[in-house]
Amino acid sequence: RSPIDRFVRSRIEDAGGSPAPPADKRSLIRRATLDLTGLPPTLEEIDRFLSNDRPDAYERLVDRLLTSPRYGEQMAATWLDAARYADTYGYQDDGETSMWRWRDWVIEAFNRNMPFDQFTIEQLAGDMLPNASESQKVATGFHRNTMTNDEGGTDNEEFRVEAVSDRIETTMQVCMGTTMGCARCHDHKFDPFSQREYFELFAFFNNTPEKGVYRGNTSPPLLMTPTQEEQRKLDDLDREIAQATDDVGKKRALQAERKNLLNKVSTMVM
């Protein structure tokens with residue numbers, strides 16, 4: 001049915017085999033739904049697909065699944081794992097970290113079918129783009145997923161360097177499909193990377209004030225990341241505060257409301 005099918009069939013026949021028969025419609029909807037959303041189809045969805053006799057029924061099914069919010073969640077799961085996303089820091093007490101806004105950015109990028117070059121650029125250097133938007137700054141949370149130590153007596157420079165090395169190795173794994181950690185100590189034994197090249201790449205990531213050590217629940221630098229609804233409320237309060245110059249009591253009440261809202265806004269480590 002497609003050029004890809006012909007390539008596959010050629011290899012099967014070279015091996016002395018023959019293609020499997022076409023899958024039945026019940027198998028098709030189950031496979032497609034699990035592949036694209038990570039969830040099984042509902043009974044209603046199965047019945048609707050089985051009763052659809054249109055020649056493009058399967059294409060319409062795939063189109064529906066690709067527009068589902070679950071599609072982005074399913075596709076993002078593998079990237080989040082490779083980018084070492086977690087809700088905790090890693091060492092010792094494994095305290096909580098706030099990175100869910102970056103996680104949601106990745107999901108939304110898949111749901112919007114963001115081109116991979118843009119997807120990569122914004123995560124590696126979104127904050128350095130001209131007139132960077134808040135979304136592009138959030139994207140750079142990709143490299144704030146390093147483990148952070150909270151042990152007493154730690155050396156700040158040691159763990160800052162560990163974080164830089166983690167960024168090198170993660171970038172090479174997810175973008176290049178190869179490891180580079182070996183070249184930190186010597187020329188790579190199997191891949192064409194020298195120790196000198198490792199530290200040339202190290203220089204690209206050696207520009208953050210992060211110490212690799214934290215005390216408390218957050219590890220600076222930080223970025224306040226209100227949701228669209230929270231930002232709308234903040235903007236409304238700012239306008240009301242500006243208009244309440246003659247009413248001191250009202251102005252103070254609005255300022256207190258704004259402060260309470262800011263305390264609830266998610267702050268993402270950057």
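The values are calculated or read from the model by the stated rules, or taken from the named source; none is laboratory data. Just so it is clear, the model here is predicted, and its values are computed rather than measured. As a convention, Cβ positions derive from the backbone with ideal geometry for all residues, glycine included, and neighbour counts pool all protein chains shown. Side chains included, ligands, DNA and RNA excluded: accessible areas come from the protein's heavy atoms. Shrake-Rupley method; radii C 1.70, N 1.55, O 1.52, S 1.80 Å.
The table for this structure:
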| item | result |
| --- | --- |
| Residue check, D236 open to solvent by 30 Å² or more (accessible area, probe 1.4 Å) and either at pLDDT below 80 or touching a Lys or Arg at 6+ places or on another chain (Cβ under 8 Å) (or both) | no |
| So T170, is it open to solvent by less than 30 Å² (accessible area, probe 1.4 Å), in contact (Cβ under 8 Å) with a residue 40 or more places away in the chain and not in a loop (DSSP other than H, G, I, E, B) | yes |
| Looking only at the range 87-102, and only at residues there that are modelled with pLDDT under 80 and outside any loop (DSSP other than H, G, I, E, B), the one that is nearest to P221 (Cα to Cα) | E96 |
| Qualifying residues in the range 13-70 (those that are among the polar types (S, T, N, Q) and assigned to a loop (DSSP other than H, G, I, E, B)) - the one modelled with the lowest pLDDT | S18 |
| Extreme residue, nearest to E197 (Cα to Cα), among residues of the range 141-167 that are assigned to a helix (DSSP H, G or I) and touching a Phe, Trp or Tyr at 6+ places or on another chain (Cβ under 8 Å) | S165 |
| Cβ pairs under 6 Å, 6+ apart, first in the range 193-207 and within 10 Å of M180 (Cβ to Cβ), second open to solvent by 40 Å² or more (accessible area, probe 1.4 Å) and among the aromatic types (F, W, Y) | none |
| Subset of the range 179-200 that is open to solvent by 40 Å² or more (accessible area, probe 1.4 Å), touching a helix residue (DSSP H, G or I) at 6+ places or on another chain (Cβ under 7 Å) and not in a loop (DSSP other than H, G, I, E, B) - its residue that is nearest to S165 (Cα to Cα) | R184 |
| Residue satisfying all of: in the range 73-86; assigned to a helix (DSSP H, G or I) and not polar (S, T, N, Q); least open to solvent (accessible area, probe 1.4 Å) among these | A76 |
| Hits in the range 87-114 - residues which are surrounded by 14 or more Cβ atoms within 10 Å (Cβ to Cβ), touching a residue at least 12 places away in the same chain (Cβ under 8 Å) and over 10 Å from the mean Cα position of the chain (by Cα) | Y89, G90, Y91, G95, T97, S98, N111 |
| Of all residues making up the range 12-24, the number that are surrounded by 10 or more Cβ atoms within 10 Å (Cβ to Cβ) and farther than 18 Å from Y58 by Cβ | 3 |
| Residue list for the range 103-118, filter: part of a helix (DSSP H, G or I) and of a type in the set (K, R) | R103 |
